[in-house]
Amino acid sequence: MRLPTSLRGSMRLSCTSSSAISPVVVATSADAARGVMKANGGAAFASRPWSPTINTMMADGEGLTFAPYGDLWRRLRRVTVLELLSFRRVESFHRVREEVAAGLVAAVAAALPDELVNVSEHICSLVTSSVVRAMVGDGFERQGEFLKMLKERLDAADGSGFSHGDLFPSSWFVDFVSGTTRRARENHRKNSELMDWAIEQHKERKRGEMEEKERVVEESIVDVLLRIQKDGGSLDDVPLSMGTVKALIIDLFVGGSGTTMTSIQWAMSELMRNPNVMAKAQFELRSVLKGKPKVSEDDLVQMKYLKVIVKETLRLHPPGPLLLPRESRASCKILGYDVPKGTTVLVNAWAIGRDPKYWEGAEVFRPERFESSTIEFKGTDFEFIPFGAGRRICPGMTFALRNIELTLAALLYHFDWKLPNSLKPSDLDMTEAMGLTIRRKNDLYLHAIICVPFQSAN
């Protein structure tokens, strides 16, 4: 039976635990996405397909992202939501985010008057620094090496958890030509060594901080994980292995950095293509802040137009165009069609966010569409699911949004921005490159003109 376009299936070769051929279904409509994410109370497609690449890279322990649905996943999810990325924990990192944003403003302001600023590079540096400090605290000395390892990790699986070798798991020739297993094993070795070093360095630094009894230091995410590992209580008395600790660190870093970087770059790109929207956002910021030396997170609650700009950016450029793959735990029906057990399901958030059935002028960047709308991206409105929905919804949504809003506010408040070489807004290159996220293929270069004096991060 042929599936409808809203639940498009293709009998592609995809690996299962038995190395058999399994079907792949792509949900490209809000109705299909709702069916997938709410079937059997959301549990029917709550698991992940397990591939040879993931199996190799998770050899020491499973993280939250690719853990199969079950007791371990539920415990990791609970620890992540209640401890690692709780509202209170995210709030505790506000000083880090504000310091890093001030550093970004200072770095951009240091450019010569006629010098082009690589906005993409500055954004990547800011987000990386902010996330690393939240994860392991200050003083992480091997940040560059860590980023290289993460990039290799994503490239090994094209960001989706699957690679060419996974599609033909029984073929040694495909694996040999693609180098899938070799690269995955090498990445796992580097990852394990670097995480061991980072955790040990972190422990030594904490011992030194404890001797400075009057010094107040925020508890980093690694602090929390090591504390949980020590007492074990938060995992229902099931020990948290060091392998799982390392896997969780990688999960949270990838989720909190790559997707955030991409969203900020697309927001700046869309604003450069739509100067009227840019002007309206800057007017709001400068009217509310009235010359303040820097933007704080407390100010963001008043930035109504900035928030709808972020929403519109996420609609057109969702962090993950294809949400991470799900696997059916039992045979079921979606939109009246049979979906066999073991089917891999991909939800196309990019296509759903541009569906003219739900969005008037779907290809047009128009933040005003959200000003009188009740649609949110928290997983209840299936026409707008940039962070997913159901039991596998992204737990780091609040963490990412804080970085996106503060960074964008700082860039728009302090600077006026100009395109290079008298380029027209409509001619700005918006070419996409596919990966874990749909990122800009080429870095965004702009002229930055200081408009509001800033306060140094020091």
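All of the numbers you see were taken from the coordinates with simple rules; none came from a lab. Values in this document were obtained by computation on a predicted structure and should not be read as measured data. Cβ atoms come from the backbone with ideal geometry, glycine included; neighbour counts cover every protein chain shown.
A few notes on this one:
- Other-chain or far-sequence residues with amide H under 5 Å of residue 240's (modelled H): none
- Placing dummy labels 7 Å off each Cα toward the beta-carbon, the span from residue 341 to residue 138 is 5.5 nm.
- Fewest-first sequence of 77, 392, 402 by Cβ atoms within 10 Å of each Cβ: 77, 402, 392
- Packing, taken as the mean count of other beta carbons within 10 Å per residue, orders the peptides 259-266, 422-429, 443-450, 308-315 from highest to lowest as 259-266, 308-315, 443-450, 422-429.
- Alpha-carbon centroid distance for the pair region 376-422 / region 278-318, whole angstrom: 11
- Beyond 21 Å in Cα-Cα separation lie the following of the pairs 280/311; 206/230; 246/341; 307/378: 246/341.
- Förster-model FRET efficiency, 25 Å R0, residue 121 and residue 206, C-beta, rounded to 0.05: 0.20
- Prolate/oblate/rounded call for region 251-407, Cα gyration tensor, a/c under 1.5 rounded: prolate
- Amide H contacts of residue 22: 14, each under 5 Å away and 5 or more positions distant or on a separate chain (H built 1.01 Å from N in the peptide plane; Pro and chain starts excluded).
- Taking the C-alpha atoms of region 224-305, convex hull volume expressed per residue in Å³: 145
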